[in-house]
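Before any comments, here is the structure.
The values are calculated or read from the model by the stated rules, or taken from the named source; none is laboratory data. The structure displayed is predicted, hence computed values, not measured ones. Counting neighbours? That spans all protein chains shown, and the Cβs are built from the backbone with ideal geometry, glycine included. When the accessible area is computed, the model is the full protein with side chains, heavy atoms only, and any ligands, DNA or RNA have been set aside. Shrake-Rupley method; radii C 1.70, N 1.55, O 1.52, S 1.80 Å.
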Amino acid sequence: MALDLQDYDRKAREAVKAFWGSRERAKLRQIEAGKSDQGERAGVTGGKNMEGFIQVIVDVVRANGLTQATIHRERAVLTLPGYFRPTKLWDLLVMHQGELVAAVELKSHVGPSFGNNFNNRAEEAIGTAHDLWTAFREDAFGQQPRPFVGWLMLVEDAPGSRSAVRDSSPHFPVFQQFRGASYLERYDILCQRLIKEQLYTNATLMTSPRNAIETGAYSSMSALTGFKGFIAALAGHAAAQAARLS
């Protein structure tokens, strides 16, 4: 039986338009209220900018056999136990017959600052995954197969994210792949290595310019980290779980 990818490209474009539109509306509301945040923070504090992507994920899970799964989207029910900390708050959890089927984090990075924020995102992604898999090893979720663990990152496609970046490492050389790499390239390397090291079932990088508020345009940096691969991996996992638990 073929996997159902749920017209993911069209829905992703709608999600991109909603992302940029949500940020813009949040900034306008704060300006009108006379309490605009500094810089780009106003667009972040406005709410769930990634909600459109969450809906794509929900649609794919439902369409590939897990029609009765419980999908948690509200903050009060999005925590999982950790190993190095008591709990971790996720963006989306899928539960079915008492098992954790999927846990997904959805993040975004909009300029003009890309430097320090990239390091913070990388550290967070690595730490979150290591914590979850250690807890899984210690049976925090009971006896069950490995869940789908996903990381989705949407980064603004802008001169600041595409320009080559220099690094200072006075004691040892940085890895060749990072030398002169832009922040978009660094995110792509990060996602590829998160997958190769099995920290995430799939990690995807989507790039989009601000004017995509009108078109929903987005692109990927590599086939390994493209959105289609993320959706296909999730659909396959959902179908396998549905067959096993039916």
Here the convex hull volume per residue of region 112-246, taken over Cα atoms and given in Å³, is 134
Whichever lysines have a C-alpha closer than 21 Å to that of residue 107, once near sequence neighbours (fewer than 8 apart) are set aside:
11, 17, 27, 48, 88, 196, 228
Please state the Cα pair-distance histogram of the chain with 5 angstrom bins from zero: what percent is in each bin?
1, 6, 13, 17, 19, 17, 13, 9, 5, 2, 0, 0
Under a Gaussian network model of the chain whose springs join Cα atoms within less than 10 Å, the largest fluctuation of 56, 174, 77 belongs to 174
3J(HN,Hα) from dihedral phi, region 226-231, Karplus parametrisation 6.51/-1.76/1.60, rounded to Hz, x for glycine, proline:
x, 5, 4, x, 4, 5
Using modelled amide H (1.01 Å from N, peptide plane; none on Pro or chain starts), what sits under 5 Å from the amide H of residue 206, excluding residues fewer than 5 places away?
153, 154, 155
For the chain, give the percent of accessible area contributed by carbon and sulfur heavy atoms, probe 1.4 Å, rounded to a whole number.
51
Taking Lys and Arg as +1 and Asp and Glu as -1, residues besides residue 209 with C-beta under 10 Å from its C-beta add up to -1
Could you check which residue among 53, 148, 172 shows the biggest mean-square fluctuation in a GNM of the chain with a 10 Å Cα cutoff?
172
When the convex hull of the Cα atoms of region 188-246 is projected onto a plane and the area is averaged over all directions, what value comes out in nm²?
5.3
Can you check what the net charge comes to around residue 6, using other residues whose Cβ is under 14 Å from the Cβ of residue 6 (Lys, Arg +1; Asp, Glu -1)?
0
Long-range amide H partners of residue 144, meaning residues 5 or more apart or on another chain whose placed amide H is closer than 5 Å, are none
For region 77-142, state the average projected area of the convex hull of the C-alpha atoms over all orientations, rounded to one decimal in nm².
4.9
Give the angle, between 0 and 90 degrees and rounded to the nearest 10, that separates the Cα long axis of helix 8-32 from the longest principal axis of the Cα atoms of the chain.
50
Give me the angle, in degrees from 0 to 90, between the Cα long axis of helix 115-137 and the longest principal axis of the Cα atoms of the chain, rounded to the nearest 10.
10
Probe 1.4 Å, heavy atoms of protein chains only: per residue, the accessible area of region 179-246 in Å² is 41
Could you tell me the distance between the Cα centroids of region 87-127 and region 170-246, to the nearest Å?
12
Residue with peak Gaussian network fluctuation, the chain [Cα springs, cutoff 10 Å], from 179, 193, 162:
179
Row for region 48-113, column shape: gyration tensor on C-alpha, a ≥ b ≥ c, rounded if a/c < 1.5 i.e. under 1.5, prolate if a/b over b/c, else oblate; value oblate
Between helix 51-63 and the chain, what is the angle of the helix's C-alpha long axis to the longest principal axis, kept within 0 to 90° and rounded to the nearest 10?
20
